[in-house]
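One structure is given here, and the rest of the page talks about it.
Just so it is clear, none of the values below were taken in a lab; they were calculated from the coordinates. All values derive from a computational prediction rather than experimental measurement. Cβ coordinates were reconstructed from backbone atoms using ideal geometry, including for glycine residues, and neighbour counts include every protein chain displayed.
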Amino acid sequence: MVLFGLGGLLYVSVLLINAIAILSEDRFLARIGWTSSADPGFGGRDEASVKARLVNLVSSVRTLMRIPLIVINTFVIIYELILG
Amino acid sequence: MQRPNYSNPPPAHSPPLHHPVPQHVSTVPQLRSPPPPQPPSQPHSGYGYGQQHGGPGAGAGAGGGGYNNNMGPNFNNFMNDPTAQMMGQFGKTAYSAGQEYVEQNIGRFVNVSALKHYFNVSNSYVGTKLYIVLFPWWHRPWSRQQRMSNSGQDGYYLPPREDINSPDMYIPSMALVTYILLSTLLAGLRGAFHPELLGYNTTLALLVLLLELLVIKSGTFLLSISSSSQLLDLLAYSGYKFVGVIISLLASELLTHLGLGGRGGWAGWLVFLYCFGANAFFLLRSLRYVLLPDQGGQGVGVGGGAAGYTVARSQKFRRTQFLFVYSYVVQFGFMLWLSKV
């Protein structure tokens, strides 16, 4: 019970961010067409669509959260080992 | 010029040879390598302060009690003034720095003046707003009023005291506290009180608020709605459902006491459904200007211009769908979760 059960929310968010960050760009995202790199010859993509937004979000999370996730995961693992 | 040149090469033998310092400082000769302390009227930098502080301290430590007695009055005279000055300055600086730090850090997370705007309510506003939240069916103008600022053409929204459609934070915060206390009280009436229930209910309510903010923020991100409304507006709007939850909790408890349907019976469900419908309608009307900012034809969102007419149309359709889903489906889930305590 961390913070009256808000720890559960914390774990869920950490696990979700982990799940996004673990997606492989080459093996998974490129196959289903979720890469953010636009095809150079085909004009402007629809930047406002929901899918484009999601792709953007996934790539942003993968880029931004890679280093902090290492630290956060280490903290959570140590906490769980000692006090969990 | 000549003499220092001569005396400099053998520095190892110099300490016993020359006594350049004044008499009262010569009691600790080998520790006094910097020039003797100046009268206290001299402006002191941080460096000078550190030196003066270190010198006598070190001397006292090395010399022991006898030296301290010898230099006692001089020491006091010499240290008092600059130290007091420095400490005064230092304290002032530290105090102002601390104040600035607190202001910065609180002001970064919570905009205090923006919060004050939300608590600028009057009695008539609170009464009317509660009536609107519970009976939103006949309320007619839903748009917030703006007032042009006297300098530029950008308007700002009127505070809740002057505009009935403006969101406030007073009702949501009071309703939140009331909900926490009421749900614990009801548990106590059932004979199931436990002090942990207070914390549990608080967590539940805050969790619901957080999740709602998350839902609406991700929705506005995915639909690329660039609205000028703030996070506090959304927080206020998501807090209004506690009013409905409180009413339904109270009513179901009263009806249970009257024997009209048990807990979770049809009467309690009816009240809950009415409160949910009223709250959802209220949100549907109030959040229109948040989620559909391109109202009245000015600015068609990100599509932009006349070229993206069909895009804007489909976008608007999708936004309307999201608004509906948010204010009916999501709210139903959360209100059900809140009223099942």
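Please report how far the C-alpha centroid of region A:12-31 lies from that of region B:206-245, rounded to the nearest whole angstrom.
Centre-to-centre distance over Cα atoms comes out at 26 Å.
Can you work out the FRET efficiency for the pair B:Arg144 and B:Leu213, with r the C-beta to C-beta distance and R0 = 22 Å, to the nearest 0.05?
0.65
So for the pair B:Val325, B:Phe193, with labels modelled 7 Å out along Cα→Cβ, what separation do we get in nm?
My value for the distance between the label points is 4.4 nm.
Mind checking which lysines have their Cα closer than 20 Å to the Cα of B:Lys129? Skip sequence neighbours fewer than 8 apart in that chain.
B:Lys116, B:Lys241
Given points 7 Å out from each Cα along the Cα-Cβ axis, report the B:Leu336 to B:Ser226 separation in nanometres with one decimal.
Output for this residue pair reads 3.8 nm.
Return the distance in nm (one decimal) between the two label points of a simple spin-label model at A:Glu80 and B:Ala97, each offset 7 Å from Cα along Cα→Cβ.
According to this spin-label approximation, the distance is 4.1 nm.
What is the local net charge at B:Tyr125, summed over the other residues whose Cβ is closer than 10 Å to its Cβ (Lys, Arg +1; Asp, Glu -1)?
Around B:Tyr125, the charge tally is -1.
Add +1 for every Lys or Arg and -1 for every Asp or Glu among the other residues with Cβ under 13 Å from the Cβ of B:Phe282, and state the total.
After counting each charged neighbour, the total is +4.
For B:Lys316, which lysines qualify as cross-link partners when the Cα separation must be under 19 Å and same-chain residues fewer than eight apart are set aside?
B:Lys316 reaches A:Lys51, B:Lys217.
From other protein chains only, count the Cβ atoms within 10 Å of every residue's Cβ in A:49-62, then give the mean.
What the average comes to for A:49-62 is 2.
What is the calculated FRET efficiency for A:Ser60 to B:Arg318, with r their C-beta to C-beta distance and R₀ = 22 Å, to the nearest 0.05?
After rounding, the FRET efficiency stands at 0.50.
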